[in-house]
Amino acid sequence: MPATFESGHYQRACGLSELEEGTPKRVELDGTPVSVVKTEGEVFAINDICSHANVSLSEGEVEDCQIECWLHGSSFDLRTGKPSGLPATRPVPVYPVKIEGDDVLVSLTQES
């Protein structure tokens, strides 16, 4: 049964042990594609679709708390979803994450 917290409804996205440092993992929560990333000692959840082109961000690379779209090279901050370079100009939604034991829980309530 998914955990519920004050800030929103959380559901299990994956196991913490399933995540490799700096390697995005694509999951689908209630029909929403989400990229879950463990990097720099934290776990982040960001919408998996680039705001510039309809491609999966989880196929891109992660560096310095940014995820890069493999198609055109736009990078998005994993904390805020804001693009750091063209061609993307619109942010990508990021979602709150909680860790309970080995479970990575994500709420589709957007942080930004």
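The values are calculated or read from the model by the stated rules, or taken from the named source; none is laboratory data. Everything quoted here is computed from the prediction, not taken from an experiment. In this analysis, Cβ positions are derived from the backbone assuming ideal geometry, glycine residues included, and neighbour counts consider all displayed protein chains. Just so you know, the surface numbers come from the protein's heavy atoms only, side chains and all, with ligands and any DNA or RNA stripped out. Shrake-Rupley method; radii C 1.70, N 1.55, O 1.52, S 1.80 Å.
Residue 12 meets the conditions (1) surrounded by fewer than 17 Cβ atoms within 10 Å (Cβ to Cβ); (2) in a loop (DSSP other than H, G, I, E, B) in every case but one. The failed one is (2).
For the stretch 32-71, give me each residue that is out of contact with any helix residue (DSSP H, G or I) (no Cβ under 9 Å at 6 or more places or on another chain) and in a strand (DSSP E or B). Once the filter is applied, which keeps residues that are out of contact with any helix residue (DSSP H, G or I) (no Cβ under 9 Å at 6 or more places or on another chain) and in a strand (DSSP E or B), the stretch 32-71 yields 32, 39, 42, 44, 45, 56, 62, 63, 66.
Filtered by the rule that a residue be of a type in the set (A, V, I, L, M) and within 20 Å of residue 15 (Cα to Cα), the stretch 31-56 gives 34, 36, 37, 43, 45, 46.
Checking each residue in the stretch 51-68 for being of a type outside the set (Gly, Ala, Ser) and either touching a Pro at 6+ places or on another chain (Cβ under 9 Å) or within 13 Å of residue 97 (Cβ to Cβ) (or both) picks out 52, 57, 59, 61, 62, 67.
Quick grid of which residues meet (1) of a type outside the set (Phe, Trp, Tyr); (2) crowded, with 20+ Cβ neighbours inside 10 Å; (3) at pLDDT 95 or above:
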{"residue": "67", "(1), (2), (3)": "yes, yes, yes"}
{"residue": "80", "(1), (2), (3)": "yes, no, yes"}
{"residue": "83", "(1), (2), (3)": "yes, yes, yes"}
{"residue": "96", "(1), (2), (3)": "yes, no, yes"}
{"residue": "111", "(1), (2), (3)": "yes, no, no"}
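Taken over the stretch 28-44, residues that are small (Gly, Ala, Ser) and crowded, with 20+ Cβ neighbours inside 10 Å amount to 1. Going residue by residue through the stretch 45-58, is there one that turns out to be of a type in the set (Asp, Glu), at pLDDT 95 or above and either open to solvent by 30 Å² or more (accessible area, probe 1.4 Å) or touching a Cys at 6+ places or on another chain (Cβ under 9 Å) (or both)? No, every residue in the stretch 45-58 fails to be of a type in the set (Asp, Glu), at pLDDT 95 or above and either open to solvent by 30 Å² or more (accessible area, probe 1.4 Å) or touching a Cys at 6+ places or on another chain (Cβ under 9 Å) (or both).
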